[in-house]
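Peer 1: Before we start, here is the structure in question, set down as structure tokens.
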Amino acid sequence: MNTIKTWIHQHQLGGLLALALLILVILPAGLDIFRLNLFGKYLTYGFVSIGLVMLWGHSGILSLGQGVFFGLGGYCMAMFLKLEASDPISTRIQSTPGIPDFMDWNQLTALPLWWQPFHSLTFTLLAVVLVPTLLAFCISFAMFKRRVSGVYFAIITQAVALILSVLIIGQQGVTGGVNGITDLKTLLGWDIRSNSARYILYFANAGLLLACIWGCMWIQKTKLGTLLLAMRDKEDRVQFSGYDVANFKVFAFCLAAALSGIGGAMFTLQVGFMSPSFVGIIPSIEMVIFAAVGGRLSLVGAVVGTLLVNLGRSYFSESFPDLWLFLMAALFIGVVMAFPNGLAGLLDSHIKPWLARRAASRQTPVAATGDPVVPASITPTQDLPLPTTIQAQPE
Amino acid sequence: MNTDYQAGRRHVLQGLIALALAGVSGLNWAASLPTAKVNTTKLAVTDSEVVVGQLHSATGTMAISETGSIQAEQLAIDQINAAGGVLGRKIRVIKEDGASDWPTFAEKAKKLLVNDHVATVFGCWTSASRKAVLPVFEKENGLLYYPTFYEGLEQSKNVIYTGQEATQQILWGLDWAAKEKKAKTFFLVGSDYIWPRTSHKIARKHIENVLKGKVVGEEYYPLGQTNFNSLINKIKVAKPDAVFAIIVGGSNVSFYKQLKAAGITGSKQFLLTTSVTEDELLGIGGENAQGFYSSVKYFQSIDNPNNKAFVAAFKAKYGDKAVIGDVTQAAYLGPWLWKAAVEKAGSFDVDKVVAASPGIEMANAPEGYVKIHANHHLWSKSKIGQIQADGQIKMVAESPKLNEPDPFPKGYQ
Amino acid sequence: MSNTDFVLAIEDLTVSFDGFKAIDTLNLYIDREELRVIIGPNGAGKTTLLDLICGKTRASGGSIKFKNTEITRMAEHKIVRAGVGRKFQTPSIYENLSVFKNLEVSFPQGRSVFGALRFKTSTEVIARIHAVAEEIGLEALLHTEAGLLSHGQKQWLEIGMLLMQEPELLMLDEPIAGMSARERELTAELLQRICRKRSMIVIEHDMEFVRRIAHKVTVMHQGKILAEGSMDKVQNDAKVIDVYLGH
Amino acid sequence: MSFSDILNIGLMQGFAGLSLFAVLLLMGLGLAIIFGQMGVINMAHGEFMTIGAYTVYLFSWLADNRFPRFSQTYFLVAIVAAFVIAFAVGWLVEWALIRHLYKRPLDTLLATWGLSLGMQQVFRSTFGPKEVSPTLPDWLMGSWAPHEGLDIPINGLFVLALTLVITAALLLAMYKSRWGLRVRATVANRIMANASGIDTRKTDRLTFAIGCGVAGVAGAAFTTIGSTGPTSGSLYIVDSFLVVTFGGAAHLLGTVVSAFGIAQTQSISEFFLTGSMAKVLTLLLIVFFLMIRPQGLFASKVRR
């Protein structure tokens, strides 16, 4: 028993295990399928949040365009499901049976070439990860090689989000336009809307998310993880230790994009449609807020934050329809002002020392508490250092 | 008059008599129609109460448009309750906020159907929100009353569309423009999404094939566009007889203010729109769109006793300054049509209500007479009105007969 | 003109910021295993010169050759990999990491993204970390968080991080600023030890310290070289006394 | 089409570009001060513009219902009032919120996003969820037609003139006044500025409030060309940021040039392409430009 405990401590798995307990046991046991499905939806945002922890908290790069990658992953999955839903028999009332309904409404008479590969599930699953990653690579390679950083990068990602959402809405004949791709029913003949399917998808989603968190934890522990952290705090030093920092930033951005893409695909599967409203700016910023509330430095914290914000929104908007926006606003402002490292930071800076003090006062030896991610002393001020030293000025 | 509807009316009459005799609301109804009989699908119906859902955006960008629908539905429900409710049961409303976000609409729709077991839902405004909730309604076998004029191309067993679909709104309006305004050349402008694009597709076919006119321009601008000067110059270059405009949201205001400032006013240019009602004029300002024409099925200023009563009741509840647009009126029809169908079916079960719906009439609708078509849309009369400086729209023409709803128009696809 | 024996050969180097010439047609040659100290008043362009050599600032004109290879347009990390190490004026270390991790990250292996992902702390790496830690006197503190070190220890750690890369040219910007007398003593010994295997450029103000470590001294003024030679020679140079020591 | 027609369209299209330039510049100016000079990422910028718009609506209501004789002139007073009110709210927000976040610029983004949600809800609760329309003076809403077929919108001229006045005033203030000197000193080096006796806290508060005030003026002016509703401000926020970033955040002059460039690109491409494609093209050009010159059009060259 004790060896297991040490092993958990050593590998800092305490938080992950607690999260696993919550989403694999407690939630399914305590919730009906409707609420559980809702949590499944929130957990898909969790993929974006852990991507943001790696990208923003861990590597110091803020992206306000994560919705783009979430949307792309979701669209890839939706295209596959839509093709399956558009077999010639169920679409026989159309002028051209066998193509998605929105294409028919837009006078398309054949499936566009680039839709064809999405008949294959294998291709689709690859595309879910690769399409967002490729776009992320193109953007970030160009940007980071040119040393675009900080707020400027964030604003460019916003512009990208805007471009993509205008394009998707404008090209409605092939994208479904503002309505998105809707009315998705089956995956390889399996009805994804049935209760049993929802349970299975929920657990698949939760398992995948835990695996992704574990993977990210592993990355954090490799030299690459150390370097990303080092780069966030002392970019110059990393660069002048012989590392090409741009490549590392590109990696972090692509990783976050791939994670978001997976989240998007899981969203499509569980909710049954994909819409361009995810690709825009507002959801992208909201996803950053999810991560910030939970704690931008903690993978587990960010997922918990995502769950809490969404739960809060559902609960507030059902219970206080006139006030809920005030409550959300207060939550965002309060977290940023009072707990810059989010709820996970609160745990590290207040609750753990308090527990430690209590333990100490009972005269029991204090074991090093298993901090899930990084030492609590990390300050979140490195995002955009203001010139604070005289050396930064020209001689 | 349709006998089924009269049967419904007879029920109401019986109810009122029962109420008067027993002195206790609905008791006799409940006795004669036990809950176990009228509700075999575990809906939230008790002996005294039936729960319905209302799903609109109370916040976010769409709250501007959807508020009117929320108010109208509430008014209708209040009136129905005051008259004894439906099958002797008072209607209780659960309000959910879609927050102008389509996934939220889907989530809340699911909540209403799965958690709250509502008997029906009145809601949605944009097509995107309806498309997002549609699979939920079909899967959970719910019932939705959808109030907005929209592009058509849809017909669901689980939705009753109380607004006009595109052909009802467009075809007669264009005929009128060609006949009365001698319009031969048309310039089509719209916001870049499915409703304007589908509408313009229908309009173009009608102009070219039926009216033998010419489309001299077709332009779309992203939702939220605030600058239309280049578009206005394009219109000036093309010099069309008619501008056919379907611009929505905040863009609408910018479009009309900038048109006016560029010297394109109602006295110089004929403009027909299907996206401006009294609600939109609140933001645009009547003086900025004065003289342009709107093709919808209802105006607040329609002169008939039903409408006068409706407007008076609406203002009594929401204040003297409240205005009523086309969609608001269509939303008001929803609860009444549902009540009629439930009473015709003698049951709250969705399948029975749906089966009873085609043929349901409402002779005392504010817009005039309406009737549910087998395709779940409404037969209604199209109307053309001219926008006035005070933000009201004055009706100048009305189609002589009811226009048949045709969500999948042959020859226009 | 350039001599292939030089580790570093700088010729006609010029850089200007908005018209102000921070470095003006400067020539400088560093021998193998030479410890060169650059002195000069504030604003003379000393730090800018180091920035130019390591690629942080790009030259407007002229050439910098490292071991006979032109590095003026080379990417920063490639200059480092070629063998140029640079220590910044304020200690630039990873405060949240342990001394051990600081040194490990600087080990020249796993420098690509996927290389870093596969990197293992082998016995070779550990041995090297211990060797360097001993050299800089931090062996007892290997598992201390770097942020908790004293100012002098941080300076040493940064030097140690550079030593991990075994550079052939090591550039130090005011390494003893803010150090106690004892620490200065130790630093001087450290620098003398490590320059046996490599060339060094040190920027320093403390004349006692300079006298102790310098093989040769270069005096800079307004982006140009004012004088060059042994400490005694430059200290007696009339121009130098006028613009610098005389003040 | 005759030659004079083409000339007219050319002139009007040229003016369309100019008036879009004025709109973009006016919406960007306040942000250029707040974001460019102070580094605060104010996502509530659009809501400060909405404050201005509702101020005009309030004054218009007063003029309609209480003081009909001011119905042609209230607008000018309302613009000043919009500045004052937005300035006051900005002052308050800086005191309550922003001043705690100067060391964490990216966090200002999150906090002000929350602020914008809250402000939208305040507008909704106060003025109702529907849009409102201030009654604008007649002289403002017509067109000036020097000859047949040529219409120059007066509201466009008005916005253009207002923009020029505000820009000139800001440039003067920034480069000639003591406040401007303090701001520039604080931006260049906060510690030194503090040490040399500049009250940087006061400077920050004043700067933020002035930026908000200018946003209020912009919002007031835009009632002549756009909508007034709880979420109207959100229509402008992304464009504002792009204008400022494209110009190079540190320079007011950069913002001017950038607004001009974006306006011309968009208005010309809109004339030849569809509206959506014009928007995409303009945005793509901005992104590509920023890739090549990350620091924007105008950047100060310093040794970093």
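Peer 1: Based on alpha-carbon centroids, what's the gap between the range D:8-56 and the range C:61-106 in Å, whole number please?
Peer 2: After rounding, the separation between the Cα centres reads 45 Å.
Peer 1: Take the alpha-carbon centre of the range A:159-200, take the same for the range A:316-331, and report the distance between them in whole Å.
Peer 2: That distance is 29 Å.
Peer 1: Name the residues of the range A:25-55 whose amide N is less than 19 Å from a point 7 angstrom out from the Cα of A:I4 along the C-beta direction?
Peer 2: So the set is A:25-26.
Peer 1: Another one. Percent of Cα-Cα pairs more than 57 Å apart in the protein assembly as shown, please.
Peer 2: Details: 246901 of 922761 pairs.
When every Cα pair of the protein assembly as shown is considered, 27 percent fall beyond 57 Å.
Peer 1: What are the residues whose amide H is under 5 Å from the amide H of C:R86, where those residues sit 5 or more places off or on another chain and H is modelled from the backbone?
Peer 2: Under 5 Å from the amide H of C:R86: C:M171.
Peer 1: Of A:K234/C:K78; B:K95/B:K352; C:K120/D:K103, which pairs sit farther than 29 Å apart, going by alpha carbon to alpha carbon? Walk me through the numbers before you get to the answer.
Peer 2: Values: A:K234/C:K78 18 Å; B:K95/B:K352 25 Å; C:K120/D:K103 37 Å.
Those over the limit are C:K120/D:K103.
Peer 1: Please go through the residue pairs B:K108/B:K260; A:K185/B:K214; B:K110/B:K308; B:K37/B:K108 and name each one whose alpha carbons sit more than 31 Å apart in this structure.
Peer 2: On the way: B:K108/B:K260 41 Å; A:K185/B:K214 42 Å; B:K110/B:K308 37 Å; B:K37/B:K108 28 Å.
Beyond 31 Å: B:K108/B:K260; A:K185/B:K214; B:K110/B:K308.
Peer 1: Still on this structure: Please give the average number of partner chain Cβ atoms lying within 10 Å of the Cβ of each residue in B:232-239, rounded to a whole number. Please list the in-between numbers first.
Peer 2: Working: counts 5, 13, 6, 0, 8, 8, 0, 2.
The shielding value for this peptide is 5.
Peer 1: Report, ordered by chain and residue number, the aspartates and glutamates lying within cross-link reach of A:K249, taken as a straight Cα distance under 15 Å and ignoring same-chain residues fewer than 8 apart.
Peer 2: Of all the aspartates and glutamates, those that pass the test against A:K249 - Cα under 15 Å, at least 8 places apart if same chain - are A:D233, A:E235, A:D236, A:D383.
Peer 1: Continuing with this model, one more query. So if I take the alpha carbon set of chain D, get Rg, then get Rh from the Kirkwood formula, what is the Rg over Rh ratio?
Peer 2: Across chain D, the Cα-based Rg/Rh ratio is 0.99.
Peer 1: Follow-up question, since we're still on this one. Kindly provide the Kirkwood hydrodynamic radius of the range C:8-245 in Å, to one decimal, from all pairs of distinct alpha carbon atoms. Could the numbers behind the result be given before it?
Peer 2: On the way: mean 1/r = 0.0539 Å⁻¹.
Answer for the range C:8-245: a Kirkwood hydrodynamic radius of 18.6 Å.
Peer 1: Next question. Which of the listed residues, D:V93, A:F273, A:T3, is farthest toward the dipole's positive end in the protein assembly as shown, when Lys, Arg count +1 and Asp, Glu count -1 at the beta-carbon?
Peer 2: Positive-most Cα among the choices belongs to A:T3.
Peer 1: Taking H placed 1.01 Å from N in the peptide plane, check which residues at least 5 places from B:G152 or on another chain put their amide H under 5 Å from its amide H.
Peer 2: Result for B:G152 returns B:A166.
Peer 1: Which order, highest average first, do A:242-255, D:115-128 follow once you tally other Cβ atoms within 10 Å for each residue and take the mean per peptide?
Peer 2: On the way: A:242-255: 23.7, D:115-128: 20.1.
The densest-packed peptide leads the list: A:242-255, D:115-128.
Peer 1: Set the Förster distance to 25 Å, then compute FRET efficiency between C:V243 and D:S196 from the Cβ-Cβ distance, nearest 0.05. Before the final figure, lay out each step's value.
Peer 2: Details: r = 27 Å, r/R0 = 1.10.
Rounded to the nearest 0.05, the efficiency is 0.35.
Peer 1: May I ask you to sort A:I285, C:I93 by Cβ crowding, counting other Cβ atoms within 10 Å and putting the fewest first? Please list the in-between numbers first.
Peer 2: Working: A:I285 21, C:I93 28.
Ordered from fewest to most neighbouring Cβ atoms within 10 Å, A:I285, C:I93 come out as A:I285, C:I93.
Peer 1: Please compute P(r) over all alpha-carbon pairs of the range B:239-364, binned at 10 Å starting from zero, and give each bin as a whole-number percent.
Peer 2: Spelled out per bin, shortest first, that is 11, 33, 25, 20, 9, 2.
Peer 1: To continue, here is another question. Taking the C-alpha atoms of the range A:10-278, how large are the radius of gyration and the largest Cα-Cα span, Dmax, in Å?
Peer 2: 20.0, 66
Peer 1: Given C-alpha coordinates of the range D:110-242, what is the ratio Rg to Rh with the Kirkwood estimate of Rh?
Peer 2: Rounded to two decimals, Rg/Rh equals 1.08.
Peer 1: So, R0 is 60 Å and r is the distance between the beta-carbons of A:D87 and A:L21; what FRET efficiency does that work out to, to 0.05?
Peer 2: Once rounded, the FRET efficiency stands at 0.90.
Peer 1: If you don't mind, another one. Between the range B:369-413 and the range D:143-217, how far is it from one alpha carbon centroid to the other, in angstrom?
Peer 2: 52 Å
Peer 1: Then there is this: Using only C-alpha positions, report the orientation-averaged shadow area of the convex hull of the range D:196-262, nm², one decimal. Could the numbers behind the result be given before it?
Peer 2: Working: hull surface 23.6 nm².
Orientation-averaged projected area of the Cα hull: 5.9 nm².
Peer 1: Let me ask something else about it. Can you report the principal axis dimensions of chain B using only the alpha carbons, biggest first, rounded to whole angstrom?
Peer 2: For chain B, the Cα spread along each principal axis is 71, 42, 41 Å.
Peer 1: Given a cut-off of under 8 Å on Cα pairs at least six residues apart, what relative contact order in percent is computed for chain B?
Peer 2: Numbers: 841 pairs, mean separation 76.2, N = 413.
Computed value for chain B: 18 percent relative contact order.
Peer 1: Shielding by partners for B:51-64, please: the mean number of other protein chain Cβ atoms within 10 Å of each residue's Cβ.
Peer 2: Working: counts 0, 0, 0, 0, 0, 0, 1, 7, 12, 8, 8, 2, 8, 10.
Rounded to a whole number, the mean comes out at 4.
Peer 1: Can you give the calculated 222 nm mean residue ellipticity of the protein assembly as shown, where each DSSP H run of n ≥ 4 adds -39,500 (n - 2.57) and the sum is split over every residue, rounded to the nearest 500 deg cm²/dmol? If you can, show how the numbers build up before the last one.
Peer 2: Working: 54 runs with 720 residues, N = 1359.
Computed ellipticity for the protein assembly as shown at 222 nm equals -17000 deg cm²/dmol.
Peer 1: Also, quick follow-up: Rank these for me by crowding, D:Y74, C:Y29, going from fewest to most other beta carbons within 10 Å. Please list the in-between numbers first.
Peer 2: On the way: D:Y74 24, C:Y29 17.
Result, fewest neighbours first: C:Y29, D:Y74.
Peer 1: With each label point set 7 Å from Cα along the Cα-Cβ vector, what nm distance links A:L125 and C:R58?
Peer 2: Inter-label distance under the simple model: 4.6 nm.
Peer 1: Mind listing the long-range amide H neighbours of B:V159? Cut-off is under 5 Å, sequence gap 5 or more, other chains count too, H placed in the peptide plane at 1.01 Å from N.
Peer 2: Here the answer is B:L144, since their amide H atoms fall under 5 Å of that of B:V159.
Peer 1: How large is ³J(HN,Hα) for each residue in the range A:147-160, as worked out from phi by the Karplus curve 6.51 cos²θ - 1.76 cosθ + 1.60 (θ = phi - 60°), to whole Hz, x for Gly and Pro?
Peer 2: 6, 6, 8, x, 4, 5, 4, 4, 6, 5, 4, 5, 4, 4
Peer 1: Label point 7 Å out from D:L281 along Cα-to-Cβ: which residues of the range B:231-245 have amide N under 17 Å?
Peer 2: Taking a point 7 Å out along Cα→Cβ of D:L281, the residues of the range B:231-245 whose backbone N falls under 17 Å are B:231-235.
Peer 1: Now for a separate question. What are the ³J(HN,Hα) couplings of the range A:173-182, residue after residue, when phi is run through the Karplus curve with 6.51, -1.76, 1.60 and θ = phi - 60°? Round to Hz, x for glycine and proline.
Peer 2: x, 10, 10, x, x, 5, 6, x, 9, 10
Peer 1: Just counting partner chain Cβ atoms within 10 Å, what average do the residues of peptide B:96-104 show around their Cβ? Mind dumping the intermediate values first?
Peer 2: Numbers: counts 3, 8, 1, 5, 3, 7, 11, 10, 4.
Per-residue shielding by partner chains comes out at 6.
Peer 1: Provide the per-residue ³J(HN,Hα) series for the range A:232-238, in order, calculated from phi with Karplus coefficients 6.51, -1.76, 1.60 and θ = phi - 60°, each as a whole number of Hz, with x at glycine and proline positions.
Peer 2: Taking θ as phi minus 60°, the curve returns 4, 8, 9, 4, 4, 4, 5 Hz for the range A:232-238.
Peer 1: Another one. With a 10 Å Cβ neighbour count serving as the proxy for reagent exposure, in which order, fewest first, do C:D18, B:D116, A:D87, B:D192 appear?
Peer 2: Values: C:D18 8, B:D116 16, A:D87 12, B:D192 26.
Least to most surrounded, the residues fall as C:D18, A:D87, B:D116, B:D192.
Peer 1: Note down the magnitude of the dipole of the range D:19-234 about its Cα centre, charges +1 on Lys and Arg C-beta and -1 on Asp and Glu C-beta and zero elsewhere, to the nearest 20 debye. Each step should come with its number before you reach the end.
Peer 2: On the way: 15 positive and 10 negative charges, 202 e Å.
Approximately 980 debye in magnitude.
Peer 1: Which aspartates and glutamates does B:K339 reach when only Cα atoms under 20 Å apart count, and residues fewer than 8 places away in its own chain are ignored?
Peer 2: Cα-Cα hits under 20 Å: B:D4, B:D47, B:E49, B:E73, B:D78, B:D116, B:D349, B:D351, B:E361, B:E367.
Peer 1: Calculate how steeply helix A:195-221 sits against the longest principal axis of the alpha-carbon atoms of chain A, using the helix alpha-carbon long axis, and give the answer as 0 to 90 degrees to the nearest 10.
Peer 2: 40 degrees
Read-outs throughout are calculated quantities, based only on the coordinates presented, and are distinct from any laboratory measurement. The shown structure was predicted, so the numbers you read here are calculated from the model rather than taken from an experiment. Backbone-built Cβ (ideal geometry, glycine too); neighbour counts: all protein chains shown.
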